[in-house]
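Colleague: Take a look at the following structure, please.
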Amino acid sequence: MLKLLAHRVALSIPLVLLVSVVVFALESLVPGDPARTILGENATPEGIAALHQQMGLDQPWLERYWHWLSGLFHGDLGASLFTGDAVTSELNSRLGVTVSLVLCCVLVSAVAGTALGMFSAIRGGPAARVVDVLSLTGLALPNFWVAIVLVALFAVKIRLFPATGYVALAESPGHWVRSLVLPVIALSLFGVTAVAKQARDATLEVQDTDYIRVLRGNGVSESRIVLKHMLRNAAIPVVTVLGVVAVSMLSGTVFVEGVFVLPGLGSLATQATTDHDLPVILGIGVYFTVMVIILNLLVDLAYGMLNPKVRAS
Amino acid sequence: MKTEPLLQVEGLCVDYPVRRRRRFRAVDSVDLTVAPGETLGVVGESGSGKSTIAKAILGITPVTAGTIRFEGRELDPRRVRRRKPITDIQVVFQDPVSSLDPTKTVGHTIAEPLVAKLRREGGETGDVRRQVAEMLDRVGLPENAASRYPAQFSGGQRQRIAIARAFIVRPRLVVCDEAVSALDLSVQAQILNLLTDVQRDLGVSYLFISHDLSVVEHVSDRVLVLYRGRVMETGSAASVVQSPQHPYTRALLAAAPVHDPLRQRQRRELRASYRIEPKAAAPLGDSCPFAHRCRFAVDRCLQERPVLQPTGADGAVACHRHGELPSDAEDDVPREPRSTATGGSK
């Protein structure tokens, strides 16, 4: 297990570098210019050139990248081109929002998806077909559209939950939950359906094995068969899907945080991109990459715990 | 009747639903008995209903008609659903991978049926660990196997684990559904010897299902030959193999390869002589199920369903032309040590 951990961490270093190069390259392709954005419509060419020099944008691409990279090794991601605040402090203040959103979504997807999928597989019949159809529908609906519909229904029409905004967990747990309900539903819909489909297929497969037949034939209680044998075996493929779902949720936060005006990393990414705030964009890239690496590591660890074949080798 | 049979199946019919509300009869009016301590071999090709009979006896599949008696009591055909398990009947399946839960240790897998039985009967479960160790020893696995996972064992070892799990509850009857078919030849022999050893020690009966007549002959006292869900021939293992009465049994015997290349070539010619251009399979109504593939078929075979008629000591055959067929042509081929049988009829 430790070997696996070390191996993964070693692999993640080149990954972070690669992501930063790609982000740097992509950003230079985005039309627009931060100096022009700051100075507005009536900027003079001289003014823009001066601001470029001030921000270091006149230096060649490679040099700017090197400068940023050496900062990264000191834990310094530079300062925002607009606010002048350190990128790390700005991102850290928003990290909690995105992490709570993604973790809640992963939890909801895992629990609701597995429960629905196993119910559909074990129960069969019309009830199962309803679950299957709902799953497919959930897979087809884009999360930003679902988000808008949820706001219209539960925040504007019924006024059950706040339409926008975020309350930190430390401030008020009750309000924290209320502020996250709609975003979590919108964002985890895809996860729930993807996990449900996988859990259903895996359960059907386990249900058709001879060891389940032997257990039934010996009168082992059904709840024991479902919880100790089916769930355990079906969990292996489900965890794999959950890892993919969690990563896709990170990109989903960009849309969902935008709709619900949550002050997280995703909404900052949108804002920084339109502003051409390169240090902030790069910082978000690094944070997201690290989060993906951690998520994958957790999946590998869970997989190792669930599957004795992995543990043995 | 010499002794009360342990298992008695009468008129067993099993239908499987197929598309558009039609039904397919997988097992058609099968009678069979298994005496205490006896091994009944069931042979037949794929789709002949062998495994369906096993499932019906185990209560896994719904029975359309017929009765299954175990120790004189009629079994509830829906006993698995109704959670009234008969732990006196256990099973060893063909696939050594799917028959063991990969996430549970071998000790856990073997103990679980016993624990469930003890809980149901209100017994003490303290002794389970010792019984598992004893059973592992009996099936020839090391003691530390209990704490390992199925993935760490070979196919033959997994089959030993499955046998240990079946025997831990001290059953009276064990259904071996192609229990050695997935193993290679040397391992097959080991497992067959293990099964006969355990039978001798614990006095259990086997319903031994296989498509391989030579394996069935090796372990069985009596043999039942199935084709398209019907019994074609029954009898003692020696008489069915050495003097097969039914044309289907003969074809089945001729299909099994032998070691001697010369004999194998002769058998291939023999097999070719049995083969006729198969007509479309007649619907299973009032006809012999084998008629469309039978060299000896006459009009009557297509119009009337043959019933089992006694052949000799304890055998029976379902063939209209029984008694008219030429003796088994294989007797013309010089045979190896195994003594030549008395041949067919006449």
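Colleague: What helices (runs of 4 or more DSSP H) lie completely within segment B:152-222 and have 1 or more residues being farther than 22 Å from A:L215 by Cα, out of contact with any Gly (no Cβ under 8 Å at 6 or more places or on another chain) and at pLDDT below 90?
Modeller: Correct list: B:185-202, B:213-219.
Colleague: Here are some conditions: (1) open to solvent by less than 10 Å² (accessible area, probe 1.4 Å); (2) away from chain B (no Cβ under 14 Å). A:D201 meets all but one. Which one does it not meet?
Modeller: (1) is the only condition that A:D201 fails.
Colleague: So which residues in segment A:137-147 are surrounded by 13 or more Cβ atoms within 10 Å (Cβ to Cβ), in a helix (DSSP H, G or I) and among the aliphatic types (A, V, I, L, M), if there are any at all?
Modeller: If the condition is that a residue be surrounded by 13 or more Cβ atoms within 10 Å (Cβ to Cβ), in a helix (DSSP H, G or I) and among the aliphatic types (A, V, I, L, M), then A:L139, A:V146, A:A147 are the ones that fit.
Colleague: With respect to the numbered conditions (1) over 23 Å from B:D88 (Cβ atoms); (2) within 15 Å of the chain's Cα centre (by Cα), which one is the sole condition not fulfilled by B:L185?
Modeller: Checking B:L185 against (1) over 23 Å from B:D88 (Cβ atoms); (2) within 15 Å of the chain's Cα centre (by Cα), the one that fails is (2).
Colleague: With the condition being more than 14 Å from chain B (Cβ to nearest Cβ), small (G, A, S) and open to solvent by 40 Å² or more (accessible area, probe 1.4 Å), I'd like the helices (runs of 4 or more DSSP H) fully within segment A:209-313 carrying at least 3 qualifying residues.
Modeller: Of the helices (runs of 4 or more DSSP H) lying wholly inside segment A:209-313, those with at least 3 residues that are more than 14 Å from chain B (Cβ to nearest Cβ), small (G, A, S) and open to solvent by 40 Å² or more (accessible area, probe 1.4 Å) span A:231-260.
Colleague: Only one of A:V111, A:V133, A:V156 is at pLDDT 90 or above, assigned to a helix (DSSP H, G or I) and surrounded by fewer than 15 Cβ atoms within 10 Å (Cβ to Cβ); which?
Modeller: A:V111
Colleague: Output the residues belonging to segment A:44-55 that are at pLDDT 75 or above and aliphatic (A, V, I, L, M).
Modeller: If the condition is that a residue be at pLDDT 75 or above and aliphatic (A, V, I, L, M), then A:I48, A:A49, A:A50, A:L51 are the ones that fit.
Colleague: Open to solvent by 30 Å² or more (accessible area, probe 1.4 Å), modelled with pLDDT of 80 or more, aromatic (F, W, Y) and over 18 Å from A:V290 (Cα atoms): which single residue out of A:W61, A:W66 fits that description?
Modeller: A:W66
Colleague: Only one of (1) open to solvent by 30 Å² or more (accessible area, probe 1.4 Å); (2) within 29 Å of the chain's Cα centre (by Cα); (3) among the small types (G, A, S) is not met by B:G122, so which one is it?
Modeller: Answer for B:G122: the failing condition is (2).
Colleague: To continue, here is another question. I need the full set of residues from segment B:101-116 which are under 22 Å from B:I57 (Cβ atoms) and either touching a strand residue (DSSP E or B) at 6+ places or on another chain (Cβ under 8 Å) or at the interface with another protein chain (Cβ under 7 Å from one of its Cβ atoms) (or both), in order please.
Modeller: B:E112, B:P113, B:A116
Colleague: Hey, among A:R64, A:R94, which residue is under 21 Å from the mean Cα position of the chain (by Cα) and basic (K, R)?
Modeller: Being under 21 Å from the mean Cα position of the chain (by Cα) and basic (K, R) holds for just one of A:R64, A:R94, which is A:R94.
Colleague: Tell me which of these B:A145 doesn't satisfy, since it passes every other one: (1) aliphatic (A, V, I, L, M); (2) surrounded by 22 or more Cβ atoms within 10 Å (Cβ to Cβ); (3) within 28 Å of the chain's Cα centre (by Cα).
Modeller: Just one mismatch for B:A145, condition (3).
The values are calculated or read from the model by the stated rules, or taken from the named source; none is laboratory data. Quantities reported herein were computed from a predicted structural model and do not represent experimental measurements. Here the Cβ is made from the backbone with ideal geometry for all residues, glycine too, and neighbour counts use every protein chain on show. SASA here: full protein model, heavy atoms, side chains in, ligands and nucleic acids out. Shrake-Rupley method; radii C 1.70, N 1.55, O 1.52, S 1.80 Å.
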